[in-house]
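Report on the structure given below.
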Amino acid sequence: MDLATASQAFDLERHVQEIEAHGFTILERLLSPETLTRIRAGLSPHLRRHHGRNAFEGFRTERVYTLVARGRVFEEITEEPHILALLDRFLLPGYLLTASQAINIEPGEAAQGVHFDDGFYRLPRPRPAASLSVIFAIDEFTPTNGATDILPGSHLWSDAEVAAFGARPDAAAELLPAVMPAGSALVFQGHLLHRGGANRAQSPRLALTNQYCQPWARTQENFYLSIPRDLVATFSPRLQALLGYEIWPPFMGQVTASHPRKTLDPAWTPPILENRLDT
């Protein structure tokens, strides 16, 4: 099923140039109204259950983790072809899905702390991205309803520049809201400074986010444990690869010297259980 509304209008080179220069780009109305309806239906059973456990997650924010495995529409979005075409230009072949969640910011939520998504990869800046993030606007993003605030160009900053920015009491005023219609996608480099905006409106702001990382990087979520293998076996080969069921040459990701996709066979048994001695 085609998730997109206007694939012929997609200008890959323009979006690549914007990400290189500014650290982000917006694909307006990428998802069709039908897809948005499917997303809302798929999320409905999981919302209105839990709020965040700290200020970063958001005390008035709902998060649904392991989103990729919660319905067919979320599988499709994770391998949306326009998004993958952009990722192909910035990440090495074999890149992985590192995080997948829904974020529903309710009225009254405060602005999140300014951060960058791949800060846990302790690599000195300036540097290329270790990851890219995608935020799908399921509701329209406005200046008042919790639109993601971004700092264009900050992906080029050094560690010293990031630290100096964080030390300024008025620094957050320089961030700009990523205003975009429902169905749009914000794609940005993982070391671009940003935050979830404050929701001063009267209704929630629903979004989905997928993050993708270099094939050598450890993923934020351990999808091997969070998604049962019998469910992964029903996914497309491309999605299985994004979840790590693939080899990054020459042998990274091997399972006892075998291809990890072999573990999806219902008859597969870990080799170490064969003739194991407990003495």
Checklist outcome for this item: Semi-axes of region 29-124 from the Cα gyration tensor (sqrt of 5 times each eigenvalue, largest first, whole Å) come to 24, 22, 12
Checklist entry - In whole percent, how big is the carbon plus sulfur part of the accessible area of region 25-151, probe 1.4 Å, protein atoms only? => result 56
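Given Cα positions, please report Rg to Rh for the chain, the hydrodynamic radius being the Kirkwood one.
Reported Rg/Rh (Cα atoms, Kirkwood Rh): 0.99.
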Checklist outcome for this item: Mean shadow area (nm²) of the C-alpha convex hull around region 128-192 is 4.7
Checklist entry - Direction-averaged shadow area of the convex hull around the Cα atoms of region 210-278, nm²? => result 5.8
Item to check | Approximate spin-label separation Ala267-Arg229, in nm, with each point projected 7 Å along Cα-to-Cβ | outcome: 1.4
Next on the checklist: Through the Karplus equation 6.51 cos²θ - 1.76 cosθ + 1.60, θ set to phi - 60°, convert the phi angles of region 62-74 into ³J(HN,Hα) values in whole Hz; use x for Gly and Pro.
Outcome noted: 9, 10, 10, 8, 6, 4, 4, 9, 9, x, 4, 4, 6
Checklist entry - Angle between the Cα long axis of helix 33-43 and the longest principal axis of the chain, 0 to 90 degrees, nearest 10? => result 70
Checklist entry - Does region 146-255 come out rounded, prolate or oblate, given a ≥ b ≥ c as the square roots of the eigenvalues of its C-alpha gyration tensor, rounded meaning a/c under 1.5 and, failing that, prolate meaning a/b above b/c? => result oblate
Checklist outcome for this item: Of all chymotrypsin sites (Phe, Trp or Tyr not before Pro) in region 176-259, the ones in DSSP coil with at most 11 other Cβ atoms within 10 Å are Phe251
Next on the checklist: Using a 7 Å offset from the Cα along the Cα-to-Cβ direction at both Phe120 and Leu47, what is the distance between the two label points in nm, to one decimal?
Outcome noted: 2.6
Checklist entry - According to the Cα gyration tensor, what semi-axes, each the square root of 5 times an eigenvalue, does the equivalent ellipsoid of region 45-100 have, listed from largest to smallest in whole Å? => result 27, 15, 8
Checklist entry - Using Cα atoms only, what is the angle between the long axis of helix 12-22 and the major principal axis of the chain, expressed in degrees (0 to 90) to the nearest 10? => result 60
Item to check | Heavy-atom accessible area per residue - the chain, 1.4 Å, Å² | outcome: 49
Item to check | Formal net charge of residues neighbouring Pro124 (Cβ-Cβ distance under 15 Å; K, R +1; D, E -1) | outcome: 0
Item to check | region 181-220 - percent of accessible surface contributed by carbon and sulfur, probe 1.4 Å | outcome: 44
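State to the nearest 20 debye the size of the charge dipole of the chain about its Cα centre, where the only charges are +1 on K and R beta carbons and -1 on D and E beta carbons.
Values: 25 positive and 31 negative charges, 124 e Å.
Approximately 600 debye in magnitude.
The values are calculated or read from the model by the stated rules, or taken from the named source; none is laboratory data. Note that this is a predicted model, so its numbers are computed, not measured. Neighbour counts run over all protein chains shown; Cβ positions are idealised from the backbone, glycine included. When the accessible area is computed, the model is the full protein with side chains, heavy atoms only, and any ligands, DNA or RNA have been set aside. Shrake-Rupley method; radii C 1.70, N 1.55, O 1.52, S 1.80 Å.
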